[in-house]
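Everything below concerns the one structure shown next.
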Amino acid sequence: MRPILELSIDDLRHWLTEQGQPAYRAAQIREWLFSKRASSFEEMTNLPQGLRRALAEEFVVATSRIALHRKAADGTEKLLLALHDDQRIECVLIREHARRTICISTQVGCAMGCVFCASGLDGVVRNLSQGEIIEQMLHLQRLLPADERLSNIVVMGMGEPLANLPALLPALREATSPAGLGIGARKITVSTVGLPPAMDRLTAENCQYHLAVSLHAPDDELRRELVPVSRNIPLDTVLSAADRFFDSNRRRLTFEYVLLGGLNDQPAHAERLVALLRRRMALLNVIPYNPVAGLPYQTPTAKAQERFLRILEQGGINVQVRTRKGDHIDAACGQLRRSQSLAVPVAPAE
Ligand code: SAH
């Protein structure tokens, strides 16, 4: 059985033609999958019975199932998905004013090893496929009432998105296609630990996505400690690759900076950050550390956060603090992981 979401619309048309079916059925099938939120071929009532049967014999609609569904008081919902090989990933729906943002994963685990992040604690198992990335979008869309649509996507879940571009790019094409989810490319943010060759590949795609680059330190020495993959990737090569992306697509860059108490939150760090970013059209997203069970890091005090922000603002940096969403259900940045072994017993809602 093949996952139907692994097929492009052309693949689907080709299969339909082989079945002696008109090619326009492809658009109908996709409308059921993406807009009408169907979870079986049986529901696709404008298709002839015989075609529905043939589809069900050849394809599956979903390869993953919801293993756990948690809701936080702030409207954030998190799904733990069990994949066909029993691997687990997480994805999140965030409600904020009229926005319905989803945060999706691209890998089972993560190989980057950022010392403060839950997703990479056990390394990486494998890349997700295009279909598995799209399935997260569809599972999360089904959590919304029929009259609400997904508005934004942040590729900030488990994994390093730029280490899985061959699956991510086609998945995002389905997300932005009017025949898919119809989400504007400018409503999509891809976050990277900073892999220059892959950043250049994204630049070459000429896409309108936003790029967010995880900095976490204003100099190579500290960054190597916090973001081990950066051992062989100097900060200036990451910043140059970000500049090339900006020069090409003109979308304002975002830089992310996890604020770790006593480690990278001192005035000297803020001053060096000002020097690095001052001449760039960029937004600095400061993320106060979200606690991860078993890790020794501290969320800086409100006073330390304010001191840090003030220096950046006075230096003319456009800075924003990322407010914590869904942390009681471990759905905040850096808290997504492969197992629930450390989670408290599940309550349906908080
Ligand atoms: N691999 C991508 C996506 C990671 S998730 C990247 O590195 O950018 C998005 C952001 O959350 C990243 O900036 C990541 O470093 C940050 N993050 C990871 N763990 C965190 C934690 N415990 N608290 C706050 N932010 C965290």
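Structure values in brief
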{"read-out": "Tally of residues being among the basic types (Lys, Arg) and either touching a strand residue (DSSP E or B) at 6+ places or on another chain (Cβ under 7 Å) or free of Cβ contacts under 8 Å to residues at least 40 places away in the same chain (or both) across segment 283-309", "value": "1"}
{"read-out": "In segment 213-243, residue farthest from the ligand (Cβ to nearest atom) [restricted to those that are touching a strand residue (DSSP E or B) at 6+ places or on another chain (Cβ under 6 Å) and under 19 Å from Arg279 (Cβ atoms)]", "value": "Ala242"}
{"read-out": "Segment 79-89, subset farther than 20 Å from Arg149 by Cβ and open to solvent by less than 20 Å² (accessible area, probe 1.4 Å), residue nearest to the ligand (Cβ to nearest atom)", "value": "Ile89"}
{"read-out": "Residue that is more than 14 Å from the ligand (Cβ to nearest atom) and either touching a residue at least 12 places away in the same chain (Cβ under 8 Å) or within 21 Å of Pro228 (Cβ to Cβ) (or both), where the choices are Arg173, Arg126", "value": "Arg126"}
{"read-out": "Given (1) among the basic types (Lys, Arg); (2) touching a strand residue (DSSP E or B) at 6+ places or on another chain (Cβ under 7 Å); (3) in contact (Cβ under 8 Å) with a residue 60 or more places away in the chain, number of the condition Arg142 does not satisfy", "value": "(2)"}
{"read-out": "Subset of segment 204-232 [among the basic types (Lys, Arg) and farther than 17 Å from Glu271 by Cβ]", "value": "Arg224, Arg231"}
{"read-out": "Qualifying residue in segment 45-58 (condition: closer than 21 Å to Ala167 by Cα, among the charged types (D, E, K, R) and modelled with pLDDT of 95 or more)", "value": "no"}
{"read-out": "Per-region count, segment 297-335, residues more than 12 Å from the ligand (Cβ to nearest atom) and either at pLDDT 95 or above or under 17 Å from Leu260 (Cα atoms) (or both)", "value": "20"}
{"read-out": "Those residues of segment 261-296 which are among the β-branched types (Val, Ile, Thr), within 30 Å of Asn249 (Cα to Cα) and within 15 Å of the ligand (Cβ to nearest atom), in sequence order", "value": "Val286, Ile287"}
{"read-out": "Those residues of segment 118-139 which are open to solvent by 20 Å² or more (accessible area, probe 1.4 Å) and out of contact with any strand residue (DSSP E or B) (no Cβ under 7 Å at 6 or more places or on another chain), in sequence order", "value": "Leu121, Ser129, Gln130"}
{"read-out": "Only listed residue being open to solvent by 30 Å² or more (accessible area, probe 1.4 Å) and within 16 Å of the ligand (Cβ to nearest atom), chosen from Val92, Val115, Val108", "value": "Val115"}
{"read-out": "Of all residues making up segment 269-316, the number that are within 17 Å of Ser214 (Cβ to Cβ), in contact with a Pro (Cβ under 7 Å, 6 or more places away or on another chain) and open to solvent by less than 20 Å² (accessible area, probe 1.4 Å)", "value": "2"}
{"read-out": "Residue count for segment 70-92, restricted to those that are part of a strand (DSSP E or B), touching a residue at least 24 places away in the same chain (Cβ under 8 Å) and not basic (Lys, Arg)", "value": "8"}
{"read-out": "Whichever residue in segment 43-66 is over 26 Å from the mean Cα position of the chain (by Cα) and surrounded by 14 or more Cβ atoms within 10 Å (Cβ to Cβ) and, among such residues, is nearest to Leu143 (Cα to Cα)", "value": "Met44"}
{"read-out": "Ile183 assigned by TED's automatic domain parsing to the domain that holds Ala241, closer than 30 Å to Tyr24 by Cβ and within 16 Å of the ligand (Cβ to nearest atom)", "value": "no"}
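Residue by residue, here is whether (1) within 25 Å of Ala73 (Cα to Cα); (2) touching a Phe, Trp or Tyr at 6+ places or on another chain (Cβ under 6 Å); (3) outside any loop (DSSP other than H, G, I, E, B) holds:
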| site | (1), (2), (3) |
| --- | --- |
| Pro291 | yes, no, no |
| Tyr297 | no, yes, no |
| Glu306 | no, no, yes |
| Leu309 | no, no, yes |
| Gly316 | no, no, no |
| Gln320 | yes, no, yes |
| Lys325 | yes, no, no |
| Cys333 | yes, no, no |
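The values are calculated or read from the model by the stated rules, or taken from the named source; none is laboratory data. None of the values given here were measured: they were computed from a predicted structure. Glycine also receives a Cβ, built like all others from the backbone with ideal geometry; neighbour counts cover every protein chain displayed. The protein model used for the area step is the full one, side chains on, heavy atoms only, and it has no ligands, DNA or RNA in it. Shrake-Rupley method; radii C 1.70, N 1.55, O 1.52, S 1.80 Å.
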